[in-house]
1. Going by the conditions given, is V129 open to solvent by 40 Å² or more (accessible area, probe 1.4 Å), of a type in the set (A, V, I, L, M, F, W, C) and assigned to a strand (DSSP E or B)?
2. For T160, indicate whether it is closer than 12 Å to F105 by Cα, modelled with pLDDT under 95 and out of contact with any Leu (no Cβ under 6 Å at 6 or more places or on another chain).
3. Can you work out which of the residues in segment 15-49 that are of a type in the set (G, A, S) and at pLDDT 95 or above is surrounded by the most Cβ atoms within 10 Å (Cβ to Cβ)?
4. Name the pairs whose Cβ atoms lie under 7 Å apart, with the first residue in segment 42-71 and within 17 Å of R172 (Cα to Cα), the second open to solvent by less than 70 Å² (accessible area, probe 1.4 Å) and among the aromatic types (F, W, Y), and 6 or more positions between them or separate chains?
5. Find the residue count for segment 34-89, including only residues that are assigned to a loop (DSSP other than H, G, I, E, B) and of a type in the set (A, V, I, L, M).
6. Restricting segment 50-80 to residues that are touching a Leu at 6+ places or on another chain (Cβ under 7 Å) and either at pLDDT below 95 or among the aliphatic types (A, V, I, L, M) (or both), which is farthest from P33 (Cα to Cα)?
Amino acid sequence: MSVATATALLFVVFLVVLGVTIWIDSKKTYILPPKLNYQDGAQETSEENASAEYKANTKNGDLIAKVSANDAGKASAWTALGYEYENTESDDRNIVVELTFKYRFNLDTDNDQSSVRAKIESFLNSNSVAIAEKTLTAPASAEAKKTGEFLNGKQRHTMTLKAGENFTAFLRVSLEAEAGAGGNCNGEIVANLSEIYYRPELRPM
C-alpha cells in the first residue's frame with residue numbers, strides 16, 4: 001500500500017469518527033444548573049448533644065451536609081440533587097445518563113470511641129453506584145484534618161426506559177456521626193453537580 005493510499009484511508013477513518021462523534025453529541029440533552037429540578041434530604045439527631053443540617057441548591061448545583069455529635073450523641077444527614085425527566089415517548093428505549101460532579105469530605109473525631117461516616121452516591125431511579133466512602137474511627141493527624149481539594153467525578157448509568165416511564169438522575173451525599181461518652185466527632189460533605197446529560201443508547205447495526 002502506498003503512502004498516498006494509506007494517508008487517504010486514515011483521512012476517511014478520521015472523517016467517519018468525526019461524523020459519528022458529532023452525531024452522538026447531537027443526540028445528547030444537557031441539563032446544567034439552574035435547570036436542575038429535583039432535590040431531597042433529611043436529618044436526624046438524638047435529643048441532646050448533636051446537630052445536623054443539609055442544603056441542596058438547584059440554581060448552582062451545590063450540596064452540603066453537616067453533622068456533629070458529642071458525649072454519646074448521634075446525628076445523621078443526607079441530601080440529593082438532580083434532574084427528573086418526564087418521558088412522553090410511546091416506545092421503550094435504552095438510555096445513557098451521565099452525571100458530572102466534584103466533592104470533598106472533611107471528617108474529625110477526638111477519640112477512638114467516636115466515629116463519623118461519609119458516603120457519596122450516584123443514582124438513576126433506584127439504580128445506585130457508590131462513588132466514595134470514608135469512615136473515621138480514630139483521631140486523624142493534623143495534616144489529614146486539613147480540608148483537601150475537590151475531587152472530580154463522572155458516573156454513567158444505563159437503563160431501559162419503558163414507554164411513559166420517567167427517570168430521576170441525582171447525586172446523593174450522606175453523613176453519620178456517633179460519639180462515645182465524653183467524645184466529640186463531626187463531619188461535612190461539600191459537593192457540586194455541574195452537569196447531567198442523557199441520550200439514547202447506541203447499538204451496533
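The values are calculated or read from the model by the stated rules, or taken from the named source; none is laboratory data. The structure displayed is predicted, hence computed values, not measured ones. Reconstructed Cβ throughout: ideal geometry from the backbone, glycine too, with neighbour counts over all protein chains shown. Keep in mind that these areas ignore ligands, DNA and RNA; they rest on the heavy atoms of the full protein, side chains included. Shrake-Rupley method; radii C 1.70, N 1.55, O 1.52, S 1.80 Å.
1. For V129, the condition - open to solvent by 40 Å² or more (accessible area, probe 1.4 Å), of a type in the set (A, V, I, L, M, F, W, C) and assigned to a strand (DSSP E or B) - is met.
2. Criteria not met by T160.
3. G41
4. Within 7 Å, the pairs are A42/W78; Y54/W78; A65/W78.
5. Total meeting the criteria: 2.
6. Here the answer is V67.
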